[in-house]
Amino acid sequence: QVQLAESGGGLAQAGGSLSLSCAASGGTLSRHALGWFRQAPGKEREFVAQIAWLGGSTVYADPVKGRFTISRDYAANMMYLQMNNLKPEDSAVYYCAACPGVVITQACNGYWGQGTQVTVSS
């Protein structure tokens, strides 16, 4: 059973940067799309970014385009989210996820991390 664990959340000032990591253990994530979602208080969980396990093609939500970068490390079984020029509206719990296939969705029969809090002060 694959387990995902996020790390790297914390507090940042607006305009600052944070880097999130997602470590996979207990199995391989080949043939899975990988990605990040976030959920702010009182709001629904929303898609942030995804990356293909093979080839590395990426997709970003409009609010984070040009500021966030998703990447992965095959050998280390890791995924990352580099967040630059952070805004207060980026504050949320960030979750990493792995979904079978090429598209990541909230309803997929895949794997989820427990989440890591990101707080951006103005």
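For the stretch 56-122 versus the stretch 20-34, the spacing of their alpha-carbon centroids is 12 Å. In a fully extended conformation the segment linking Q39 and A23 would gain 3.8 nm over its present Cα-Cα distance, using 0.36 nm per residue.
Database remark: amide H of V118 closer than 5 angstrom to the amide H of G10, A92, V93, Y94 (H placed geometrically; neighbours at sequence offset of 5 or more, or on other chains; Pro and chain starts carry no H).
Rolling a 1.4 Å probe over the protein heavy atoms gives the stretch 12-122 an accessible area of 50 Å² per residue.
The peptide list 54-62, 24-32, 95-103, 3-11, put in order of mean Cβ contacts within 10 Å with the highest first, becomes 95-103, 3-11, 24-32, 54-62.
If only the Cβ of Lys and Arg carry +1 and only the Cβ of Asp and Glu carry -1, the dipole of the chain around its Cα centre is close to 100 debye. Sequentially through the stretch 21-34, phi angles give Karplus couplings (6.51, -1.76, 1.60; θ = phi - 60°) of 10, 9, 9, 9, 9, x, x, 9, 10, 5, 6, 10, 7, 10 Hz, Gly and Pro residues having no value and appearing as x. Legend: calculated FRET efficiency, L54 to E89, from the Cβ-Cβ distance at R0 = 41 Å, rounded to 0.05, equals 0.80.
Between L11 and T105, what is the FRET efficiency for a Förster distance of 35 Å, r being their Cβ-Cβ separation, to the nearest 0.05? That pair, L11 with T105, gives E of 0.70. Once the mean of 1/r is taken over each pair of separate Cα atoms and inverted, the chain shows a Kirkwood hydrodynamic radius of 14.2 Å.
By accessible area, using a 1.4 Å probe on protein heavy atoms only, the stretch 1-92 has 49% of its surface on carbon and sulfur. DSSP beta bridges fully contained in the chain are about 90 percent antiparallel.
The values are calculated or read from the model by the stated rules, or taken from the named source; none is laboratory data. Treat the numbers as computed from the prediction; the structure is a model and nothing was measured. Counting neighbours? That spans all protein chains shown, and the Cβs are built from the backbone with ideal geometry, glycine included. Areas reflect the complete protein model, heavy atoms only, side chains present, ligands, DNA and RNA absent. Shrake-Rupley method; radii C 1.70, N 1.55, O 1.52, S 1.80 Å.
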